[in-house]
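Engineer: After the structure tokens below, expect a handful of questions from me.
The values are calculated or read from the model by the stated rules, or taken from the named source; none is laboratory data. Quick caveat, the model's predicted, so the values are computed rather than measured. Glycine also receives a Cβ, built like all others from the backbone with ideal geometry; neighbour counts cover every protein chain displayed. Note: areas computed on protein heavy atoms with side chains; ligands, DNA, RNA excluded. Shrake-Rupley method; radii C 1.70, N 1.55, O 1.52, S 1.80 Å.
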Amino acid sequence: MSLTDDITTTPGSAIPGPATPYQGDIARYWDHEARPVNLRLGDVDGLYHHHYGIGEIDQAAIGDPADSEREKKVIAELHRLESAQADVLLDHLGDIRAEHTLLDAGCGRGGSMVMAHQRFGCRVEGLTLSTQQADFGNKRAAELGIGEFVRSRVANMLDMPLESGSVAGSWNNESSMYVDLHDLFAEHSRVLAVGGRYVTITGCWNPKYGQPSKWVSQINAHFECNIHSRREYLRAMADNRLVPQAVIDLTPDTLPYWELRNTTSLVTGIEEAFIESYKDGSFQYVLIAADRV
């Protein structure tokens, strides 16, 4: 039986589990989201992400500014950088084998889930509040012939429909700013097996700055989210039996992505806030990998 055989999602369906009005707002937001910056990048190779990129720009790949194919080449390069970001997250999951199950909490359209299955050969469960995203991800997995292994479900990541201790690795890739961190990490801690690995890549405001800057406030308003501080992540992990093994500042690595994206027709108006907050140090892009003890 396929993992998707028991899935029935219809537009406007109720969010399973204890949902709040805010979660309903977020579900509606992503159900209607169709930004070219997400879809056109995914069209490059069929991996549809909902996160940003890291790495140096391959100037040879994007060519001369006067090149008539420049925009197409830049889009391909931006997509390469966002897939590179997912690869770095997967690098930190540890020893994952084909018999394991992984969890993507806030899975978007499922690009990272496909990459995880292709790398490890294991089952990957994805959770999203958006019916549109879950349907898109399941359709894409079926097209790739991996629907037996990769499943997206409409579910609340604060009330995961998974057995305790059933997951070898889990992650949030730019999705933790939509929830309370203590509640989130309590659920990850519950579903992870002892010794399992949790990884997050996220934007967070820098406690050394003092308070969230005006740029961070603009990002919150744009995405209807609530960005946490780096200190909050570490405190909530410690309270929920998640012991950090790596804390990596990816800010210098993501800035080239934003500066390149800001030169394209894909701009959404939020690029300046990211670029300026990364430069002034009020906002950081970090990876945290933690073991369940």
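Engineer: Exactly one condition in (1) in contact with a His (Cβ under 9 Å, 6 or more places away or on another chain); (2) within 21 Å of Leu102 (Cβ to Cβ); (3) of a type outside the set (A, V, I, L, M); (4) loosely packed, with under 15 Cβ neighbours inside 10 Å is false for Tyr198; which is it?
Structural biologist: (4)
Engineer: Of the residues that make up region 15-23, is at least one out of contact with any His (no Cβ under 6 Å at 6 or more places or on another chain), without any contact (Cβ under 8 Å) to a residue 40 or more places away in the chain and either of a type in the set (Asp, Glu) or not in a loop (DSSP other than H, G, I, E, B) (or both)?
Structural biologist: Residues of region 15-23 that are out of contact with any His (no Cβ under 6 Å at 6 or more places or on another chain), as a first pass: 15-23.
Now drop any that are not without any contact (Cβ under 8 Å) to a residue 40 or more places away in the chain, which leaves 20-22.
Restricting the remaining residues to those that are either of a type in the set (Asp, Glu) or not in a loop (DSSP other than H, G, I, E, B) (or both) gives 21-22.
Checking region 15-23: at least one residue is out of contact with any His (no Cβ under 6 Å at 6 or more places or on another chain), without any contact (Cβ under 8 Å) to a residue 40 or more places away in the chain and either of a type in the set (Asp, Glu) or not in a loop (DSSP other than H, G, I, E, B) (or both).
Engineer: Let me ask something else. Among the residues of region 154-172, is any over 22 Å from Arg241 (Cα atoms) and either of a type outside the set (Ser, Thr, Tyr) or in contact with a helix residue (DSSP H, G or I) (Cβ under 7 Å, 6 or more places away or on another chain) (or both)?
Structural biologist: Checked against the condition, which is being over 22 Å from Arg241 (Cα atoms) and either of a type outside the set (Ser, Thr, Tyr) or in contact with a helix residue (DSSP H, G or I) (Cβ under 7 Å, 6 or more places away or on another chain) (or both), region 154-172 yields at least one hit.
Engineer: Between His228, His182, which is within 29 Å of Ser277 (Cβ to Cβ), modelled with pLDDT of 95 or more and within 17 Å of the chain's Cα centre (by Cα)?
Structural biologist: Only one candidate passes the filter, namely His228.
Engineer: Within region 49-71, which residues are open to solvent by 30 Å² or more (accessible area, probe 1.4 Å) and under 15 Å from Ser175 (Cα atoms)?
Structural biologist: Passing the criteria: His50, Tyr52.
Engineer: Can you go through Arg231, Arg140, Arg151, Arg123 and tell me which one is out of contact with any strand residue (DSSP E or B) (no Cβ under 7 Å at 6 or more places or on another chain), of a type in the set (Lys, Arg) and farther than 23 Å from Thr254 by Cβ?
Structural biologist: Residue meeting the stated conditions: Arg140.
Engineer: Does Val267 fit the bill of being outside any helix (DSSP H, G or I), of a type in the set (A, V, I, L, M, F, W, C) and closer than 25 Å to His79 by Cα?
Structural biologist: Details: outside any helix (DSSP H, G or I): yes; of a type in the set (A, V, I, L, M, F, W, C): yes; closer than 25 Å to His79 by Cα: yes.
Taking the combined requirement at face value, the residue satisfies it.
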